[in-house]
Every structure is written in structure tokens, then in C-alpha cells.
């Protein structure tokens, strides 16, 4: 047995049985060890797909997946989606192969400061250079990932630590989750006393129906508002589920949204701030008089604390609002008819990976009373998350996943389509082709950067030449169609839900802005 075998055995003993991989020379002993391991490896053609898939797996299950990355450049290629995972508090165990200890000093072409790249994720990091340390360090990495809160853990494995022999221990070391700091009785009492008609509860992170119902009961007991961060990691939605008021992305509107809030209680969320700075617009969204209290830290499960708060307030039961699902839309495709088509055709249990950006402005409204589903959002704002997260969610759940992608962001990680085809994953991809970086049209207006002519305008134009997204999908083994009407979109969605495996729907529509 060598160090790589010990690593795989430790992962398996701790329930980490999925590895999204893009290996190289330094990881070959890990790859060879897969033949005798129950760890399932899923090949990804780009490191950003592997890291995003691990994020999607963690969001759906709450448990870590592993990634296998090659040296510093491999970790760097996966960094953007690790940033999104960090913001989602997703537990991930990165395994990064490194040069052998004696080779690293020679400054070979792929030598880099892996620690510097990993440390920017504010997670857990360790370098293991001896095979005898591999098992214990792997267990520590898993513990570092699961927290709580969930974090990105990076274990850098020197090649000689991977190939050197080691004896198997009587039992493989087990990771132990740390105990989250529960709010004390004084905090519960203080929050209960601060709630009232001018207060709001802001929830975030992974939000299931039970957590949302408890939060709604707390708010009803004191007439407070229930709000949700703009980009939660995962939220359960649909018929029979409480819907929280989502913080508006645009700072100008969010400031108005919070104008009457004098007390904000954070439940698994951070204090809301603008996504960017804008001239003459405050970066903080809360008014100066607003008191901020924290009930539960970001990335920590909130159900227990909310139950205690509900008991403190003797909170009443609630009735969840009911409403209608939009009818199947007809006619031309627009942001409105696209949203209605998604809502009208949604099956029960769907998982949505939403990176629709400007074209998805009506989605939350349209799907409010759709069959129960789960929704994942772009927590860290790093583009290219949607397709990889959909891969991980499909591997984790076995449920149908709907990936809603805009054309610009799809081109960051299109390699995920190949993995969907290879693994025959039940993912429906809807690619919204408006031929623009439409979000930049909106943002340049907000910052006051007026375009004066063709040289600047061309940086937003994706139409010269026009991307043939359906052809791109077919080239990677995913059946694809292009639709130009709302009726055709509904038909294509229903057809994709009725059969196994991935499918791709290119939707031609006008920009939302």
C-alpha cells in the first residue's frame, strides 16, 4: 500500500466517495488506486468544472466531495468556482498533486506557490510530504471542510508521499465535525425582545422548508418581515413552502427595501451590502439607525436556533400562501415568457441551477407556486458556475436538474456538457442566447460609463460571429434543439423531463435590458 491508497481509504472511511477529477502526472498513483477503491471518479475536462461540480454536490447533500487537481495551475484554473463554493459555505476537499519533495527545489516549469493560491480561499490548507502522514492529514482535511461552517479544504500531496509505501493502520482515522457555537439564552432573549414591526429576519445559506417555516413563525409572532439574501446557496421553494422576501440585487432598490428596517437579525446570512460600488450610491444597504444582531453565523444550520426563538416567542403556526402557476405561454420569447414556460412545465422535485442573469429577472415570481423544487444561485458572483454545479447536483441527487444559463456565462465552462453526456446525467440545459453581455449594458449605465462608439460597444457584443450553442452541445454528445417561440420552449422542456440523460435547449430571445 502506498500513500495514495491510504488517502483513498481515508476518504472512503469518512464517506467521501465522489471525486471530480482533472488529473496530471503528479496524481497518477491516486488514479491507479481508484481500481481498488469504492471512490467514484468523475472526469471533468477543465478544473473549473471539477470544483463547481464539487460545490453542487455539497449544496445538495451538505456533505463534501473531493476534487483532484494538478499542481498550482490546476488549482488556479478551478479557483473561480471555489470562490463561489466559499461563499456558499460548501464543504469541499481539494486534493492537489505536487512535485516530489526533492524535485520541487529545482524550480521545474510547473512549480508554483500553491499555498498562496489556496490561502486566498480563507479555508483549510495543509501540505503533506510523507506517506506516513497521509491518512491523518486527509482526515484533518475532511474535518476542516465539514466545519461547521463548511469550508474549502486543500490538501497538497507531494508525489513521493503518494508513491512511497506505508502500512495500513488498524482503523482509518475519522474526521470529527466541530460543534457550532449555538446562541446562548441571552442572545435568544435579546433577539426576541428586538423583533417588532420595524424589524426583519434575514436568512441565508442552505434553506429548507422547515427552516423557512420556523423563520416565518418567528416573524409572525412580532409582525417582523422575513427576508432572504439575494444569492442563497440552496433554497427550497414552490407549493406549500414559505417564500421569503428576496433582497433585490440592485443597490438602489435594496436600499429602499431596507429603509424602514430598524433592527435586522442575521440568520445564517451576512450584513447585506452592494455587489459593487457605484457613484453616489451607498455601499451599505441598511440605514444608519439600523441595529444588526446575529442569531446564527453564516454557514451554520439555523433550524435549532430558530426553534428556540419560536419557543421563546410562543410563535403561532402559519398558513402558507397559495397561488396559481402561470399558464403555458404563447408567442414570442422574452424574459417574461421564458420565466412562465419554466414555471408551467416544472416537475416535482426539480433542482434548478440558475445562472440566467438578466434574462431571469422574472423567474422567482413566476415559479413561486410551482411544484416543490430546490433553487441554487450564484453565491460568489464568479461567472461559469451554472453548468458545473448542475453536474454535481445531478451526481448527488439522481433528480432532474435544470441548468438555466445565459450565453456569455455558458462559455466559461462549456466542458461540463461533455461530463453530462459521459455520465448520462439527467440535466436539462436551457441556454439563453441574446447575443449580448447584457448585464454589462446594465452595469455601465449604473456606474455612469457612457459608451461613445464602436470600440467600447464591441466588448458587449456576442453576435459577431453568433455563437451556435446547440452545435456546441451536440459536439460534446448532448442532444440539442433551438427554439424561437414560447410554445416550442414548453414542448422542449417537457420532452427533456420525460426521458433520461442530458438535453440542451438553445433559446433565442431579446436582451432583458
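Sorting 31, 218 by the number of Cβ atoms found within 10 Å of their own Cβ, with the fewest placed first, yields 31, 218. Helical content alone sets the calculated 222 nm signal of the chain at -10500 deg cm²/dmol, taking -39,500 (n - 2.57) per DSSP H segment of four or more residues and averaging over every residue. Scaled against 2.2 N^0.38 Å for its residue count N, the alpha carbon radius of gyration of region 364-440 is 1.13. Packing order of peptides 279-289, 36-46, highest average first: 36-46, 279-289 (average count of other Cβ atoms within 10 Å over each peptide's residues).
Listing 89, 29, 256, 103 from fewest to most neighbouring C-beta atoms within 10 Å gives 256, 103, 29, 89.
Distance between the modelled labels on residue 399 and residue 330, one decimal in nanometres: 3.3 nm (7 Å Cα→Cβ projection). Counting every other Cβ atom within 10 Å of each residue's Cβ, 55, 324, 210 order from fewest to most as 324, 210, 55. The mean sequence separation of alpha-carbon pairs under 8 Å and at least six residues apart, normalised by the residue count of region 185-313, gives a relative contact order of 31 percent. Averaging sequence separations of C-alpha pairs under 8 Å and six or more residues apart, then dividing by the length of the chain, give the relative contact order as a whole percent. Here the relative contact order equals 14 percent. Relative contact order of region 3-163, taken over Cα pairs closer than 8 Å and 6 or more residues apart, is 27 percent. Here the spin labels are modelled as points 7 Å beyond Cα on the Cα-Cβ line, and at residue 120 and residue 40 they lie 3.3 nm apart.
With the highest mean first, a sort of the peptides 393-406, 168-181 on other beta-carbon atoms found within 10 angstrom per residue produces 393-406, 168-181.
For the pair residue 280 and residue 365, the difference between a 0.36 nm per residue extended length and the Cα-Cα distance amounts to 27.6 nm.
In the set [x] 0.95; [y] 1.06; [z] 0.98, which value of Rg/Rh (Cα atoms, Kirkwood Rh) was calculated from the structure you see? Only one listed value fits the structure, namely [z].
Only the coordinates and a few stated rules stand behind these numbers; no lab work does. None of the values given here were measured: they were computed from a predicted structure. Cβ coordinates were reconstructed from backbone atoms using ideal geometry, including for glycine residues, and neighbour counts include every protein chain displayed.
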